[in-house]
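Chemist: My questions will all concern the structure given below.
Just so it is clear, none of the values below were taken in a lab; they were calculated from the coordinates. All values reported here derive from a predicted model rather than from experimental measurement. So basically every Cβ, Gly included, is an ideal-geometry build from the backbone, and we count neighbours across all protein chains shown.
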Amino acid sequence: MVSSKSPEMQSAVAPAAPVKRQVDQPFAPEQTSGLASYPPPDQWDDWVEYEPRAWPEKREHHYMLVPTTCFNCESACGLMAYVDRETLQVRKLEGNPFHPGSRGRNCAKGPATLTQINDPDRILYPMKRVGPRGSGQWERVSWDDALDAIAAQIRSALTEGRPNEVMYHVGRPGEDGYMERVLQSWGIDGHNSHTNICSSGGRTGYAFWMGIDRPSPDYANAKFILLVSAHLESGHYFNPHAQRIIEAKTKGAKIAVIDPRLSNTASMSDYWLPASPGTEAALLLGMANVLIQEELFDREFVRRWTNWEDYLQTLHPEQEVSFDAFVAELKREYAKYTPEFVEKECGVPASMIVEIAHEIARAGSALSTHTWRAASAGHLGGWAVPRTLFFLNVLTGSIGTEGGTAPNVWDKFVPRPFAEPSKQKVWNEVSWPKEYPLAHHEMSFLLPHFLKEGRGKLAMYFTRVYNPVWTNPDGFVWMDALRDESKIGMHAALTPTWSESSWLADYVLPMGVGAERHDTHSYETHAAKWIALRQPVVRIAMERLGKKVDFTYQANPGEVWEEDEFWIELSWRIDPDGSLGIRKYYESPYRPGEKVTIDEYYQWIFENSIPGLPEAAAAEGLTPLAYMRKYGTFEIQKQAMRQFDDPIPDEELADAKIDQESQVVWSPSAKPHSPEITPMPGGVAGPDGRPVGVMVDGQPCRGWPTPSGKLEFFSRTLYEWGWPEYAIPTYIDSHVAPKVLDRAAGEMTLLPNYRIPTLIHTRSGNAKWLNEISHSNPLWLHPADATRIGVKTGDLARVETEIGYFVDKVWVTEGLRPGVVACSHHLGRWRLEDTRAGDGWSSAKVSIQENDPGVFLMRQSRGVRPFNSSDPDSKKIWWSDAGVHQNLTFPVQPDPISGAHAWHQRVRVVKASPDDQYGDIMVDTNRSMEAFRRWLKMSRPAPGPGNMRRPMWLLRPYKPDPVAFQIDGPTGR
Ligand code: SF4
């Protein structure tokens with residue numbers, strides 16, 4: 001059985017509660033989410049509730065209600081902090097009904113922010129290492145001392161011509177645009193991210209189609225929803241998306257979920273399609289083929305909006321350039337993906353594929369699709385999954401339509417700050433090596449391997465909300481690099497919590513959780529554009545009470561600070577006299593020559609950069625800053641549909657020229673558009689100015705930010721940059737596809753990268769409520785495999801990877817395909833010592849032994865147990881499991897195109913040996929370096945056409961100046 005629409009499945013689909021709020025109703029501050037229980041804004045300064053524990057005595061609590069946003073996943077849902085007016089303690093966090101994305105609702109992780117604020121194990125003061133790195137010897141230092149030491153280190157690197165020795169490596173940024181300004185003001189190409197172990201595969205597949213790397217489905221109005229991931233429980237953007245998927249379901253939409261594992265999302269769907277891992281793209285092309293062969297696709301949309309002419313002229317020059325000829329070729333290209341072939345390949349019945357294809361055709365322009373992580377982050381060639389998924393949107397014309405799938409930039413707004421620095425003129429080859437010219441993000445998880453190879457070194461390394469030792473594959477190589485002071489001169493960990501990586505830092509700098517810091521952000525949660533302000537709620541409450549606060553650490557617990565103010569202070573100290581040209585970006589736009597305050601920074605943005613906000617604020621008699629501080633959020637506009645069809649504005653057409661071959665419209669006088677904000681072809685300036693649109697049927701239209709201005713069925717970029725075999729949407733053999741595995745030898749596919757809805761990678765280690773709910777990551781195993789291996793639920797099994805093994809307990813379940821094992825990546829936190837090394841709620845104490853050179857055994861000496869602290873609950877811990885840290889046993893597996901780590905593992909699962917203990921990890925780093933070199937060899941390095949490191953039109957975070965794109969351009973050192 002590989003596919004299910006069984007009676008059991010159908011009965012599992014419980015009718016969801018009706019949603020009263022009209023989704024297309026304009027959002028306004030006076031409106032709540034339709035529930036009547038939110039306190040009205042006119043009482044937010046003194047909201048009264050009774051103390052429940054004093055009942056029946058009616059003891060009043062007087063609260064100041066301060067909105068902020070959640071930082072426990074990337075959705076940035078609205079939160080409302082209830083700050084006690086007397087004690088200034090946050091007593092609870094609930095939803096903010098004014099937030100357009102979350103509409104007053106949160107998942108378990110939102111309110112659990114309270115437990116992160118009150119965690120007795122949290123870091124309260126800046127700490128400096130005093131013994132050898134990793135020895136666990138620390139002393140408390142002042143913020144001034146830490147800032148001066150770090151500023152001196154950076155200043156030396158900049159003044160000595162080593163700009164690329166400064167690197168900022170972020171896990172969850174939680175902000176839009178702030179750090180871009182900081183790093184570009186320093187003139188460095190020093191941004192590094194976690195994205196290549198997360199969403200690069202997904203982004204790449206979308207970017208090759210539309211030049212924009214994320215989808216924004218209008219789930220609420222969809223007729224059919226096709227998901228390749230667990231979106232109801234853990235997808236991007238979890239809570240805002242989940243509530244809209246359910247909304248569509250209550251209106252009759254059908255849901256299909258492709259996932260080898262029966263996730264909660266799959267259990268709520270109409271069709272669960274557990275395709276063999278690595279065959280998802282074949283399954284999607286099977287559906288596409290039904291639409292193509294039966295001519296159920298939107299001919300007019302495909303004709304107008306794909307670059308089929310270029311495809312014919314380049315790959316089929318013998319053909320006449322007509323749409324009929326293209327359709328004939330299309331039928332020939334995809335004819336091999338018959339339902340029968342796909343059934344054989346994927347294990348999904350042919351009839352089911354045809355049935356779903358027909359459902360998709362019926363949904364037409366109301367097809368919402370989404371994938372993020374999951375298969376796209378699992379496989380060699382994983383980026384082909386979003387590419388083939390979006391192909392279904394292209395075929396049905398369901399792009400930018402009601403109920404369809406839009407590019408995310410239509411539903412996202414990034415405000416511009418004051419005094420924007422120019423782009424850096426250097427290229428960092430450690431993060432953007434020549435081998436990966438098309439990688440969507442930095443080759444972050446290869447950093448220690450590159451350092452080991454001698455490709456560079458770092459004078460200053462920041463980690464922020466990032467735990468690379470734990471989160472990346474091949475963590476022992478990370479530990480090695482982080483310990484080596486000749487490779488990393490100074491490491492500052494900006495973090496709310498102790499972690500496996502902050503243990504290896506020189507400075508540990510405590511930063512606030514979601515209710516203790518400033519950020520702005522905007523995400524594509526639905527068909528509208530909004531912006532939200534995260535703010536330090538106690539500071540705001542104090543200011544409302546008339547107390548003066550200069551820096552956020554004066555209001556937060558201990559001296560917990562926030563990054564925004566930290567970077568201002570640090571930048572000022574790097575360039576105190578302005579001679580490096582940095583200081584000017586940190587001078588107030590309101591008080592020339594003086595240091596900007598955090599209020600002024602956001603005041604300027606809200607006054608100058610958010611359309612409609614000043615007017616909305618004025619209507620309430622507020623300044624824009626006061627409005628945002630009061631409501632925490634502002635809806636900018638509802639999504640306009642089919643924006644690619646919009647005419648090019650007259651002012652841009654005035655002096656425009658049409659490139660006769662490509663039909664792209666160029667304007668010599670057009671101002672640069674940000675491809676993150678306004679779709680436009682290519683976005684790359686040329687001798688004729690800038691592209692501003694494309695001619696379609698003789699009409700100038702806005703088009704897409706691709707070289708052709710159209711949706712690129714044919715990718716000239718892939719064709720010309722060494723990958724002609726992938727020039728059109730296709731199916732790429734995964735490293736764990738069924739045909740690759742030796743099933744007779746017991747080989748299986750491990751799915752190690754799925755989320756559970758109650759944990760947050762490493763950041764929930766300090767959330768006691770969440771750890772009480774979820775503290776195990778057993779190995780999911782199908783009964784047939786359990787029988788073959790000879791284990792039952794609770795038994796220990798050893799999972800052997802290419803570089804080692806881990807030992808976990810087994811959970812036997814029919815909820816996944818035979819031949820597949822699964823283990824959630826959230827668990828398995830560990831610490832080397834009892835204190836200051838990890839949270840008591842979540843981590844096991846371990847020892848690490850090097851048995852042979854480069855061969856390590858990590859063993860748990862004890863799991864979680866009760867501990868003494870200021871929180872009486874810490875003595876009541878009833879669980880002992882901390883889970884198993886599987887990532888340590890994975891080699892790096894970079895996809896040669898997207899650069900994404902292919903998380904899925906080719907493993908053997910065997911019964912544990914008598915010597916094995918729960919949680920054992922064995923890793924041979926010699927073998928992991930061999931795996932690194934083998935995957936590196938798959939790459940096809942730059943330069944590409946024009947002697948370029950990378951195509952200029954492709955998105956790149958912190959995009960440098962064009963001069964740095966030349967292969968012989970400046971690299972910095
Ligand atoms: S989905 Fe949950 S964790 Fe994510 S931002 Fe919303 S409330 Fe927070």
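Chemist: About its Cα centre, how strong a charge dipole does the range 274-317 have in debye, to the nearest 20, once Lys and Arg get +1 and Asp and Glu get -1 at the Cβ?
Modeler: 40
Chemist: Does the range 496-541 classify as rounded, prolate or oblate by the C-alpha gyration tensor (a ≥ b ≥ c root eigenvalues; a/c under 1.5 gives rounded; else a/b over b/c gives prolate, otherwise oblate)?
Modeler: Since a/c reaches 1.5 but b/c is at least a/b, the shape of the range 496-541 is classed as oblate.
Chemist: Rg(Cα) of the range 835-973 divided by 2.2 N^0.38 Å?
Modeler: 1.57
Chemist: Between the range 311-356 and the range 909-973, what is the C-alpha centre distance in whole Å?
Modeler: Here the two parts' Cα centres lie 33 Å apart.
Chemist: Hey, another quick one. How large is the Kirkwood hydrodynamic radius of the range 817-905, counting all unique pairs of alpha carbons, in Å?
Modeler: 15.6
Chemist: Skipping prolines and chain starts, which residues have an amide H placed within reach, meaning under 5 Å, of the one on Val821, given they are 5 or more residues away or on another chain?
Modeler: Answer set, sorted by chain and number: Thr749, Leu750, Leu751.
Chemist: Work out, step by step, the length gained on full extension between Glu747 and Arg908: first 0.36 nm times the residue separation, then minus their alpha carbon distance; give nm to one decimal. Present the calculation step by step, with values, prior to reporting the outcome.
Modeler: Values: separation 161, 0.36 × 161 = 57.96 nm, distance 0.48 nm.
In short, 57.5 nm is gained.
Chemist: Follow-up question, since we're still on this one. Mind checking which lysines have their C-alpha under 30 Å from Lys452, skipping anything on the same chain fewer than 8 residues away?
Modeler: Excluding near neighbours in sequence, the set is Lys128, Lys423, Lys425, Lys434, Lys487, Lys845, Lys937, Lys959.
Chemist: Leaving out same-chain residues fewer than 8 places away, which lysines sit with a Cα under 20 Å from that of Lys58?
Modeler: Cross-link targets: Lys92.
Chemist: Which residues in the range 637-664 have a backbone N closer than 13 Å to a point placed 7 Å from the Cα of Asp697 along the Cα-to-Cβ line?
Modeler: Taking a point 7 Å out along Cα→Cβ of Asp697, the residues of the range 637-664 whose backbone N falls under 13 Å are 645-646.
Chemist: Given R₀ = 51 Å, what would the calculated FRET efficiency be for Arg362 paired with Trp878, taking r from the Cβ atoms and rounding to 0.05?
Modeler: Computed FRET efficiency for Arg362 and Trp878 comes out at 0.50.
Chemist: Can you run the Rg to Rh ratio on the range 432-484? Use alpha carbon positions and the Kirkwood inverse-distance Rh. Could the numbers behind the result be given before it?
Modeler: On the way: Rg = 11.3 Å, Rh = 12.0 Å.
Across the range 432-484, the Cα-based Rg/Rh ratio is 0.95.
Chemist: Sticking with this structure for a sec: When the Kirkwood hydrodynamic radius is evaluated over all pairs of different C-alpha atoms of the range 767-857, what value in angstrom, to one decimal, is obtained? Please list the in-between numbers first.
Modeler: Details: mean 1/r = 0.0660 Å⁻¹.
With all distinct Cα pairs of the range 767-857 included, I get 15.2 Å.
Chemist: Right, something else. Go through 576-583, 263-270 and give me the packing order, highest mean Cβ count within 10 Å leading.
Modeler: Put in order of decreasing packing, that is 263-270, 576-583.
Chemist: Under the 0.36 nm per residue contour assumption, what length would be gained going from the current alpha-carbon distance of Gln966 and Asp45 to full extension?
Modeler: 325.9 nm
Chemist: While we're on this one: Of Lys548, Lys739, how do they rank once you tally other Cβ atoms within 10 Å and put the fewest first?
Modeler: In increasing order of surrounding Cβ atoms, one gets Lys548, Lys739.
Chemist: Rounding to the nearest 20 debye, state how big the charge dipole of the range 857-973 is about its Cα centre with +1 on each Lys and Arg Cβ and -1 on each Asp and Glu Cβ.
Modeler: Once rounded to the nearest 20, the dipole reads 300 debye.
Chemist: A follow-up question, please. Between the alpha-carbon centers of the range 821-863 and the range 864-885, tell me the distance in whole angstrom.
Modeler: 16
Chemist: Would you mind checking the radius of gyration and Dmax of the range 27-153 based on alpha-carbon positions, in Å?
Modeler: Expressed in Å, the Cα Rg and Dmax of the range 27-153 come to 19.8, 60.
Chemist: If you don't mind, there's one more thing I want to ask. Please get the size of the charge dipole for the range 473-541, origin at its Cα centre, with Cβ charges of +1 on Lys and Arg and -1 on Asp and Glu, quoted in debye to the nearest 20. Don't jump to the answer; show the numbers that get you there.
Modeler: Details: 6 positive and 9 negative charges, 92 e Å.
In total the dipole reaches around 440 debye.
Chemist: Tell me whether the range 79-123 comes out rounded, prolate or oblate; compute the Cα gyration tensor, take square roots of the eigenvalues as a ≥ b ≥ c, and use a/c under 1.5 as the rounded threshold.
Modeler: oblate
Chemist: Near Lys911, which lysines are there with a Cα under 22 Å away, not counting those fewer than 8 places off in the same chain?
Modeler: Within the straight-line limit of under 22 Å, Lys911 reaches these lysines: Lys792, Lys809.
Chemist: Let me ask another. How high is the FRET efficiency between Ser669 and Ala325 when r is their beta carbon distance and R₀ equals 41 Å, given to the nearest 0.05?
Modeler: Here the calculated transfer efficiency is 0.60.
Chemist: Right, another one. For Met511, what charge total do you get from the other residues with a beta carbon under 13 Å from its beta carbon, if Lys and Arg give +1 and Asp and Glu give -1? Numbers along the way, then the final one.
Modeler: Details: positive: Arg122, Arg172, Arg464, Arg517, Arg534, Arg763; negative: Glu175, Glu516, Asp519, Glu559, Glu562, Glu563, Asp564, Glu565.
Surrounding charge for Met511 is -2.
Chemist: I'd like the distance between the alpha-carbon centres of the range 153-181 and the range 741-755, rounded to an integer number of Å.
Modeler: A separation of 39 Å, based on Cα centres.
Chemist: Something else now. Output the peptides 911-922, 695-706 sorted from most to least packed, where packing is the average of other Cβ atoms within 10 Å over each peptide's residues.
Modeler: Highest mean packing first, the order is 695-706, 911-922.
Chemist: Listing Lys792, Lys487 from the residue with the fewest other Cβ atoms within 10 Å to the one with the most, what is the order?
Modeler: Numbers: Lys792 13, Lys487 19.
Ascending number of Cβ neighbours within 10 Å: Lys792, Lys487.
Chemist: Also, quick follow-up: Can you compute the FRET efficiency between Ser486 and Ala784 using 1/(1 + (r/R0)^6), with r the Cβ-Cβ distance and R0 = 56 Å? Round to the nearest 0.05. Walk me through the intermediate numbers first.
Modeler: On the way: r = 51 Å, r/R0 = 0.92.
The value I calculate is 0.60.
Chemist: Would you grab the residues whose amide H sits under 5 Å from the one on Glu587? Only those 5+ places off in sequence or on another chain, please, with H modelled 1.01 Å from N.
Modeler: Answer set, sorted by chain and number: Val596.
Chemist: Right, next: For Val385, Val302, what ranking results if the residue with the fewest other Cβ atoms within 10 Å of its Cβ goes first?
Modeler: So the ranking, lowest neighbour count to highest, is Val302, Val385.
Chemist: How long is the range 175-314 along each principal axis, judged by its Cα atoms, biggest number first, in Å?
Modeler: Principal axes ranked by extent give 56, 46, 30 Å for the Cα atoms.
Chemist: Something else now. Within the chain, what percent of beta bridges assigned by DSSP are antiparallel, to the nearest 5?
Modeler: Among the beta bridges of the chain, antiparallel pairing accounts for roughly 65 percent.
Chemist: Quote the convex hull volume per residue of the range 458-534, based on C-alpha atoms, as a whole number of Å³.
Modeler: 118
Chemist: Among 158-164, 628-634, 599-605, 320-326, how do they line up from the highest to the lowest mean number of other beta-carbon atoms within 10 Å? Display every interim value, and only then the final one.
Modeler: Numbers: 158-164: 17.4, 628-634: 23.3, 599-605: 20.0, 320-326: 14.1.
Ranking the peptides 158-164, 628-634, 599-605, 320-326 by packing returns 628-634, 599-605, 158-164, 320-326.
Chemist: Here's a follow-up. The range 522-639: percent of C-alpha pairs farther apart than 17 Å?
Modeler: More than 17 Å apart: 64 percent of the Cα pairs in the range 522-639.
Chemist: What is the sum of charges, Lys and Arg at +1 and Asp and Glu at -1, for the other residues whose Cβ falls under 10 Å from the Cβ of Asp871?
Modeler: So the surrounding residues net to 0.
Chemist: Quote to one decimal, in nm, the extra length available between Glu850 and Arg140 on full extension: 0.36 nm per residue of separation minus the C-alpha distance between them.
Modeler: Net length gain for the segment: 252.5 nm.
Chemist: Can I ask one more? Just want to confirm a number: the relative contact order over the range 262-357, from Cα pairs under 8 angstrom separated by 6+ residues, in percent.
Modeler: Relative contact order, the range 262-357: 42 percent.
Chemist: Same structure again: Given the options Gly944, Val923, Ala541, identify the residue whose Cα lies farthest towards the positive end of the charge dipole of the chain (+1 on Cβ of Lys, Arg; -1 on Cβ of Asp, Glu).
Modeler: Farthest towards the positive pole: Val923.
Chemist: Testing the spin-label approximation: label points 7 Å from Cα along Cα→Cβ at Ile773 and Lys595. State their distance in nm.
Modeler: Using points 7 Å along Cα→Cβ, the separation is 4.0 nm.
Chemist: Only Cα pairs under 8 Å and at least 6 apart count here; give the relative contact order of the chain as a rounded whole percent.
Modeler: Relative contact order comes out at 17 percent.
Chemist: Return the Rg/Rh value of the chain, two decimal places, where both radii are evaluated on C-alpha atoms and Rh is the Kirkwood radius. All intermediate terms of the calculation are to be shown ahead of the outcome.
Modeler: On the way: Rg = 27.2 Å, Rh = 28.9 Å.
With Rg and the Kirkwood Rh in hand, the quotient comes to 0.94.
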